[in-house]
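Enquirer: I'd like to ask you about the structure that follows.
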Amino acid sequence: MQKRGAFPWAGSILAVATCVTIYWTTGQFMLSAAALIVWLCTLWLAYWTPPEIQRVTEVEAYDVQRVSRLIENSGAPILVTSRNRIIVANQMARKVLGAHVIEQDARVAFRQPEAIALIDQRATGRARIRGVARRRDVWLFNRQQLDDDLAVIELINQTAEEDISRAHTDFVANASHELRTPLASIIGYVETLLEGEPPATPEIRQKFLGTILNEANRLQGLVSDLMSLSRIEAEKHDRPQEIVLLKPLIEKASMDAAGLERQPRLDFQLDADPTVSGDPRQLEQLVRNLVDNALKYGDPAKPVTIALSTTDNQEAKLAVIDRGDGIAKEHLPHLTRRFYRTDPGRSRASGGTGLGLAIVKHIVERHAGRLDITSQQGQGSTFTVRIPLNEVSPENV
Amino acid sequence: MSEHTVKAFDEDITRLRGLIAEMGGLAELSIQEALDAMIRGDDELAEGVILRDKKIDAIEAEVDKLAVRIIALRAPMADDLREVIAALKIAGVVERIGDYSKNIAKRVGKIEGRGTFEPLTLLPAMGEIAAEMVHDVLTAYAARDPVLAREVIATDEKVDAFYNSIFRNVVSYMVENPKLISSAAQLLFVARNIERIGDHATNVAEMVHFAATGYYPPDEDSA
């Protein structure tokens with residue numbers, strides 16, 4: 001609809017007055033009449049055409065329909081509230097919060113006190129809130145008041161960042177705990193030996209020294225594991241280039257891991273002779289850790305199978321299969337976490353550092369491979385490593 | 001819920017639900033902070049929890065007033081009436097949950113020798129489950145979701161099992177460490193409070209189920 005401004009009375013009067021003056025001074029009626037008509041016509045036209053600026057302000061400030069189409073496919077959950085009632089929730093918001101939040105009070109969707117403070121004051125601002133969809137997640141809640149009624153709420157997921165920083169602090173806490181435990185017992189035994197009153201008998205002395213040696217060895221193992229873990233992490237992004245013959249490497253590393261006593265339990269099924277590009281020392285460590293674990297946690301009376309084959313996907317596949325108690329399902333996803341233990345007492349008693357599988361996982365990742373763990377309780381576990389084959393065929397090596 | 005002819009009624013119900021959610025949010029935070037304060041021995045955090053309870057009480061009073069006003073002025077029927085009655089009852093229960101958190105916070109200063117007090121390490125796992133229940137039941141309320149409500153009810157068993165195991169643990173700890181009996185006794189009360197929080201979350205779940213469906217969940221045998 002065209003809107004009219006005020007009728008230009010002042011302009012019309014000025015036009016008439018000017019033309020009358022022209023007629024008086026010049027006496028030319030036709031000329032002054034023509035000038036008057038043209039002048040009035042321009043005024044008339046201007047009167048009907050709405051001014052340009054006015055049209056812009058005439059568009060409704062926030063068209064809800066249009067805004068909802070605009071935000072619908074955004075990757076972040078976005079909601080529009082009118083007087084703190086949710087009127088629009090985009091696709092992501094409906095997924096995260098549930099479709100039921102539409103037409104509800106904003107406080108039903110965000111019951112965290114920090115968010116409610118912003119909602120209640122109709123304020124523009126940000127807050128970090130927990131437990132929007134699940135109890136442990138963390139979101140940045142960003143509310144912008146648009147006009148008296150409308151406000152936009154945007155959510156930014158920060159759970160991952162939070163997890164990373166927590167994992168880091170957990171790691172430091174765990175590492176210092178793990179390092180301190182053997183140190184504390186070493187100090188304790190040495191103090192007893194030094195200050196023992198009366199002095200310890202040779203037998204007790206021998207026993208204490210044995211314990212000290214054990215703990216010191218554990219400490220050494222832990223430090224070297226931590227070192228290799230951080231070294232692998234540091235080189236994570238450059239693919240190793242050396243060409244490695246897997247079969248002899250696996251045989252040698254398995255024998256090393258088993259030691260003379262446990263060697264008879266090894267059951268090799270090396271059906272292929274693949275080459276991969278990799279870091280031989282790291283691959284040796286990978287095999288050692290897997291075989292050592294299998295021998296340690298498998299049934300001592302039963303063999304550990306080490307199978308090597310190639311897959312159709314141009315991968316070398318190493319499977320280390322033990323026969324023992326197996327691992328409970330709930331532990332499987334956490335096994336490669338640092339210092340994660342399914343049974344702390346048993347793992348420490350057998351001299352584990354809690355880092356073995358974390359190292360394996362990092363080595364596999366560095367070789368662009370995959371680690372799969374399957375386990376059947378009461379039967380045993382299978383650790384499968386797949387590493388892409390080297391393009392060069394073995395004959396050319 | 002379908003729209004009503006009287007727009008003001010819709011607005012009242014929405015506000016009522018908003019208030020319940022706000023209360024629930026405060027109670028949820030209180031549980032978490034009370035447990036954190038208990039485990040870390042943080043007196044300031046505990047103080048905050050105790051102060052927050054006043055706010056929860058104030059909102060409960062507001063819910064009561066609003067619910068009574070809705071009933072008096074609008075005479076709601078069927079699911080609307082259920083909604084209002086459930087809100088009234090849920091507000092009372094959530095307020096109790098807040099009280100239990102406050103009670104836990106009040107006991108923070110009474111635990112001695114925190115660094116070496118082993119039974120303290122048993123609490124977080126139990127508290128975690130109870131807090132999870134409260135979170136889920138509030139989500140179920142917001143979504144009017146009877147299925148989630150029934151899941152919450154089923155979880156209560158776990159909290160009860162935890163309570164029994166903590167009870168046995170703490171009692172045997174008392175026998176071995178007579179010096180710390182008073183701290184251990186405090187801890188028993190804390191465990192008891194957490195167990196009650198779980199029970200109350202179950203009660204809320206039952207009312208959510210009632211408001212959504214019109215009947216209480218079938219196997220109703222909680223404490």
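Read-outs: derived from the displayed coordinates by stated rules, not from any lab. From a predicted model like this one, the values you see are computed outputs, not experimental measurements. Don't worry about glycine lacking a Cβ; one is built from the backbone with ideal geometry, like all the others, and counts go over all protein chains shown.
Enquirer: Those residues that are of a type outside the set (A, V, I, L, M) and under 21 Å from residue B:24 (Cα atoms), I need them from the stretch A:127-142; list them, please.
Expert: Correct list: A:128, A:130, A:131, A:134, A:135, A:136, A:137, A:139, A:141.
Enquirer: Applying the selection to the stretch A:271-285, what residues are crowded, with 18+ Cβ neighbours inside 10 Å and in a loop (DSSP other than H, G, I, E, B)?
Expert: Listed by number, the residues that qualify are A:274, A:278, A:279.
Enquirer: Oh, and also: Search the stretch A:74-112 for residues being within 22 Å of the chain's Cα centre (by Cα) and of a type in the set (S, T, N, Q), and hand back the single one that is farthest from the other protein chains (Cβ to nearest Cβ).
Expert: Applying the filter and picking the extreme gives A:74.
Enquirer: Count, please, the residues in the stretch A:113-136 that happen to be under 23 Å from the mean Cα position of the chain (by Cα), at negative phi and either away from chain B (no Cβ under 12 Å) or buried (at least 18 other Cβ atoms within 10 Å of the Cβ) (or both).
Expert: Residues flagged as under 23 Å from the mean Cα position of the chain (by Cα), at negative phi and either away from chain B (no Cβ under 12 Å) or buried (at least 18 other Cβ atoms within 10 Å of the Cβ) (or both) within the stretch A:113-136 amount to 6.
Enquirer: Right, another one. Starting from the stretch A:206-224, take each residue that is assigned to a helix (DSSP H, G or I) and list its partners that are charged (D, E, K, R), counting only C-beta distances under 8 angstrom and pairs at least six apart or across chains.
Expert: That search, which allows pairs on different chains as well, returns A:222/A:178.
Enquirer: Please go through (1) within 13 Å of chain A (Cβ to nearest Cβ); (2) of a type outside the set (Val, Ile, Thr); (3) under 18 Å from residue B:203 (Cα atoms) for residue B:89 and return the number of the only condition it doesn't satisfy.
Expert: (1)
Enquirer: Right, next: Just to be sure, is residue A:385 more than 27 Å from the chain's Cα centre (by Cα) and either of a type in the set (Val, Ile, Thr) or loosely packed, with under 15 Cβ neighbours inside 10 Å (or both)?
Expert: Taking the combined requirement at face value, the residue does not satisfy it.
Enquirer: In addition: Would you check which residues across the stretch B:137-147 are surrounded by fewer than 23 Cβ atoms within 10 Å (Cβ to Cβ) and without any contact (Cβ under 8 Å) to a residue 60 or more places away in the chain and list them?
Expert: Across the stretch B:137-147, the qualifying residues are B:143, B:147.
Enquirer: Looking at B:164, B:169 in this structure, which one is free of Cβ contacts under 8 Å to residues at least 24 places away in the same chain, polar (S, T, N, Q) and away from chain A (no Cβ under 14 Å)?
Expert: The unique qualifying residue is B:164.
Enquirer: Then there's this: Being charged (D, E, K, R) and within 24 Å of residue B:133 (Cα to Cα) is the filter here, so list the residues in the stretch A:124-165 that pass it.
Expert: Within the stretch A:124-165, A:128, A:130, A:134, A:135, A:136, A:137, A:162, A:163 meet the criteria.
Enquirer: Of (1) out of contact with any Ser or Thr (no Cβ under 9 Å at 6 or more places or on another chain); (2) more than 25 Å from residue B:18 (Cβ to Cβ), residue B:119 satisfies all except one. Which?
Expert: Evaluating residue B:119 over (1) out of contact with any Ser or Thr (no Cβ under 9 Å at 6 or more places or on another chain); (2) more than 25 Å from residue B:18 (Cβ to Cβ) leaves (1) as the failure.
Enquirer: If I filter the stretch B:111-131 for residues that are within 23 Å of residue A:106 (Cα to Cα) and either within 18 Å of the chain's Cα centre (by Cα) or within 14 Å of chain A (Cβ to nearest Cβ) (or both), do I get at least one hit? Can you show your working first?
Expert: Residues of the stretch B:111-131 that are within 23 Å of residue A:106 (Cα to Cα), as a first pass: B:131.
Now drop any that are not either within 18 Å of the chain's Cα centre (by Cα) or within 14 Å of chain A (Cβ to nearest Cβ) (or both), which leaves B:131.
Checked against the condition, which is being within 23 Å of residue A:106 (Cα to Cα) and either within 18 Å of the chain's Cα centre (by Cα) or within 14 Å of chain A (Cβ to nearest Cβ) (or both), the stretch B:111-131 yields at least one hit.
Enquirer: Let me ask something else. Going by the conditions given, is residue A:231 assigned to a helix (DSSP H, G or I), of a type in the set (D, E, K, R) and under 22 Å from residue A:281 (Cα atoms)? Before the answer, list the steps.
Expert: Values: assigned to a helix (DSSP H, G or I): yes; of a type in the set (D, E, K, R): yes; under 22 Å from residue A:281 (Cα atoms): yes.
For residue A:231, the condition - assigned to a helix (DSSP H, G or I), of a type in the set (D, E, K, R) and under 22 Å from residue A:281 (Cα atoms) - is met.
Enquirer: Inside the stretch B:7-37, can you point out the residues that are more than 28 Å from residue B:123 (Cα to Cα) and at the interface with chain A (Cβ under 7 Å from one of its Cβ atoms)?
Expert: B:14, B:15, B:17, B:18 - these are the residues of the stretch B:7-37 that are more than 28 Å from residue B:123 (Cα to Cα) and at the interface with chain A (Cβ under 7 Å from one of its Cβ atoms).
Enquirer: How many residues are surrounded by fewer than 16 Cβ atoms within 10 Å (Cβ to Cβ), β-branched (Val, Ile, Thr) and within 28 Å of the chain's Cα centre (by Cα) if we restrict to the stretch B:158-177?
Expert: The qualifying residues number 1.
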